[in-house]
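To start, the structure under review is shown below, and the notes come after it.
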Amino acid sequence: MSSTETETDYELHERIETVADATAERDELVTLSVPADDSLGSARERVETEHASADYIDSDEASTHLTDALERVRRTLHEYEELPDNGLVVYAGVLGGDITDFVFDDLPSPVEDEVFVQSNEFDTDPLDVAADDAPTYGLLVVERGGAVLGWLEDDRVVLEETHDSDVMGKTRAGGQSEGRFERERERQAEEFYDTVADAAARTFLDDPSATASSAEAEELREQKRSANGESDDTTDTDDDSRIDGLLVGGTTVTAEQFLEEADLDHRLEERLVGPFSVEYASEQGLRQLVENAEDHLEDAQHARAREALERFFTELQADGEGETEATYGREEVDRALEFDAVETLLVAETLDVEEIRELEERVTDAGGECLVVSTGFEAGQRLEQAFGGVAALLRFPIE
């Protein structure tokens, strides 16, 4: 199936998972990705050359499978007069004894890399653009001895940079009074916190003013406002942020002190999540931060579905026969769809993808919405186990 057909985000990710799970015993699976600014003719030429070579040495089952895969890719390319707007990604190979292909020609963002490989598995890197709508979190762990910044992209923790601290330890130098020592130690800590805050702005904000000193930053923002015809009192928008949330961790005292005392850019303050208890300002600490924030991240991911499910459960408890604006079970939901009464359709992710697609098309055609609910949390499991995986919030009660 080509992704030019009407396809939901859920189905797209299901197809990507199918591609990622495919394996062969030998290097006989073909991946081809062509960015939109590349030449379709050049891509065809590469495949034709490889196909001719494989056909020439066709001597065993493995090479026959490779030849079949290349032939399928070759035929697919000849179906296009020009490359799709965001490029083209084609997978082909013999899976379960049958030649199979997966064609992605309507991805949500442009294909970035040119790839042409034969391997025992498909290369799904070109499909990373399909996950562009997934939340991206900035990670920051701060201790008096150092700090570390990184990213959480999908389930990957990526280390960005580390910072060492010159803050003095708790043992004071000889001859120093305790009060003066503590004041100096706090001053060093505040300076370090501001250094970390500046690093966070540079890393997580797509804004040149984030790399400048406070005075320079204000001057740059002033220039930006003037160029855009904005008044001096215009506030910054959130468009400069590269993250959906900033997870902050450290020992409880240090992390809270950092958030209180650091001159953190307000656009990052608006996205703060935490603080969470983390022991080390290191790559290991970043992973611990993500683990400790897991419940929050899951809550955010399931927020819409959770809210709709809570409303569904509440409606079921409504007094008066026939007065509830909720229903469940495939037959009852079908009946509600026939009356165009469904406002929000709730379906468990464990249902067959074709069934999900059919239900979604029916509800969206009637102006409603469909939420595919994960069964990875309690309410989602209840939907699957107690209500057959299909439920609906209604615009009006059905007698």
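Each reported figure results from applying straightforward, stated rules to the coordinates on display, with no laboratory input. If you're wondering where the values come from, they're calculated on a predicted model, not measured in any experiment. Using ideal geometry, Cβ is built from the backbone for each residue, glycine included, and neighbour counts are taken over all protein chains shown.
Note on PHE313/ASP365: beta-carbon distance plugged into 1/(1 + (r/R0)^6) with R0 of 22 Å gives a FRET efficiency of 0.25. A simple charge model with +1 on the Cβ of Lys and Arg, -1 on the Cβ of Asp and Glu and nothing else charged puts the dipole of the range 9-131 at about 260 debye relative to its Cα centre. Kirkwood radius, the range 303-394, all distinct C-alpha pairs, inverse of mean reciprocal distance: 12.9 Å. Considering only DSSP beta bridges with both partners in the range 303-394, what is the antiparallel share in %, to the nearest 5? That works out to approximately 60 percent antiparallel.
Cβ-Cβ distance of LEU159 and GLU269, R₀ of 30 Å, FRET efficiency by 1/(1 + (r/R0)^6): the value works out to about 0.80. Of the chymotrypsin sites (Phe, Trp or Tyr not before Pro) found in the range 308-395, the ones in coil according to DSSP and having at most 12 other Cβ atoms within 10 Å of their Cβ are PHE339. Sorting 271-280, 40-49 by their mean Cβ neighbour count within 10 Å, with the most densely packed peptide first, gives 271-280, 40-49.
Annotation: for a label point projected 7 angstrom from Cα along Cα→Cβ of GLU298, residues of the range 373-399 with backbone N closer than 19 Å are 373-386.
Of the three principal axes defined by the Cα atoms of the range 9-131, the extents in descending order read 41, 30, 20 Å. Got a sec? Which residues in the range 85-119 would a label at GLU354 touch, if it sits 7 Å along Cα→Cβ and we count backbone N under 19 Å? Counting backbone N atoms under 19 Å from the label point, the list is 96, 98-103.
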